[in-house]
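Working notes, structure below.
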Amino acid sequence: MVKKWKEKWKVSWLQFTLIICTFAFGGSLCGITGRKLLSYISIEKGFIYLIIYIITISILWPFCVLFVSIPLGQFTFFRNYLHRMSKRMTGKVTSTKQIAIFASGAGSNAAKIIEHLQHNQYIKVKLVVCNKPEAGVLAIAELNNIETLLIEKEPFFRGDAYVNILKAKQIDFIVLAGFLWKVPAALIKAYPDKIINIHPALLPKYGGKGMYGHFVHEAVVANGETESGITIHYVNENFDEGKHIFQASCAVTKADTPDTVAAKIHQLEHLHFPRIVEEVVLSANK
């Protein structure tokens, strides 16, 4: 039975132990809090007391479990767990959205997104698409048992942009995580407002053709900017001109170099990008 639950939740034995501890400690906290609250009510223990106690702990339980899950590092798991429970109780069955991550490099953002979504029942990273055979993101996909698709310029820009393959794999959303090719019109037309990109600057500043990676950070430092940041946006036919979804900023000092700015930007990307992807896809799933 224990192994069955572990496999269902797709977690390691360590995380499974922490999840069980969260259930146990959360339940205990719920019971203690419920009894404490009822101690302020002048009612004798009996049938009515029992009914009120059950209702009270039923209301308290989600909050207690979430509270305990934070120090045990299981907040994301229990947030998604409670979301699934609420859907079942209300009868609102939501279909799973499948996303494809497009990346060209090491794949640190892709790794963070995959990690963040691993317990989300309603979003699945189905495919990693890459244009470089040597890119590190392919190893990340293999490590997480995610299918990969290696694409070439000719069919991407002059063919159907692999739309038929993406549709055949039932891809609902596309996330660009360090993908260096411009997205062709055929793909944008097939996925209107369903392609999300992250840019390492506060658009509309430092966007457009050639403005990616270190080129952005070099320009920010050279121009004496006092802040930089990230912009998560939808993709349209023009470089970095799609509707903004989210921005976060960081300070840039006179002591900063392109490398130190890059490190600050990576922190913002890893902190916010997985969460925003999840929120966008879930909001489209309602």
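Of 179, 157, 215, 173, which residue is of a type in the set (Phe, Trp, Tyr) and touching a Lys or Arg at 6+ places or on another chain (Cβ under 6 Å)? Even if it seems obvious, please write down each step before you answer.
Working: 179 fails: touching a Lys or Arg at 6+ places or on another chain (Cβ under 6 Å); 157 fails: touching a Lys or Arg at 6+ places or on another chain (Cβ under 6 Å); 215 fails: touching a Lys or Arg at 6+ places or on another chain (Cβ under 6 Å).
173 is the lone residue from the list that is of a type in the set (Phe, Trp, Tyr) and touching a Lys or Arg at 6+ places or on another chain (Cβ under 6 Å).
Quick test for you: out of 128, 137, 65, pick the one residue that is among the hydrophobic types (A, V, I, L, M, F, W, C) and over 16 Å from residue 181 (Cβ atoms).
Details: 128 fails: over 16 Å from residue 181 (Cβ atoms); 137 fails: over 16 Å from residue 181 (Cβ atoms).
After ruling out the rest, the residue left standing is 65.
Determine if region 147-154 includes at least one residue that is surrounded by fewer than 20 Cβ atoms within 10 Å (Cβ to Cβ), hydroxyl-bearing (Ser, Thr, Tyr), in contact with a Ser or Thr (Cβ under 7 Å, 6 or more places away or on another chain) and on the phi < 0 side of the Ramachandran plot.
no
Consider residue 179 carefully, then state whether it is of a type in the set (Phe, Trp, Tyr) and either farther than 13 Å from residue 99 by Cβ or at pLDDT below 95 (or both).
Working: of a type in the set (Phe, Trp, Tyr): yes; either farther than 13 Å from residue 99 by Cβ or at pLDDT below 95 (or both): yes.
So residue 179 fits the description; yes.
Filter region 225-261 for residues that are in a loop (DSSP other than H, G, I, E, B) and closer than 30 Å to residue 281 by Cβ and give the result. Spell out how you get there, then give the answer.
Going residue by residue through region 225-261, those that are in a loop (DSSP other than H, G, I, E, B) are 225-226, 235-243, 252-257.
Those that are in a loop (DSSP other than H, G, I, E, B) and closer than 30 Å to residue 281 by Cβ: 235, 236, 237, 238, 239, 240, 241, 242, 243.
With a cut-off of at least 2 residues that are within 30 Å of residue 254 (Cα to Cα), name the strands (runs of 3 or more DSSP E) lying wholly within region 129-224. Give the steps one after another, and end with the answer.
Details: elements: 147-150, 173-176, 195-199.
Correct list: 195-199.
Is one or more of the residues making up region 59-70 outside the structural domain of residue 117 (by TED's automatic domain parsing), at pLDDT below 85, under 22 Å from the mean Cα position of the chain (by Cα) and hydrophobic (A, V, I, L, M, F, W, C)?
Within region 59-70 (the criterion being outside the structural domain of residue 117 (by TED's automatic domain parsing), at pLDDT below 85, under 22 Å from the mean Cα position of the chain (by Cα) and hydrophobic (A, V, I, L, M, F, W, C)), the answer is no, since none of the residues qualifies.
Identify, from the list 132, 189, the residue that is touching a residue at least 12 places away in the same chain (Cβ under 8 Å) and in the same structural domain as residue 104 (by TED's automatic domain parsing). Before the answer, list the steps.
Working: 189 fails: touching a residue at least 12 places away in the same chain (Cβ under 8 Å).
The match here is 132.
The values are calculated or read from the model by the stated rules, or taken from the named source; none is laboratory data. Because the structure is a prediction, the values reported are computed rather than measured. Counting neighbours? That spans all protein chains shown, and the Cβs are built from the backbone with ideal geometry, glycine included.
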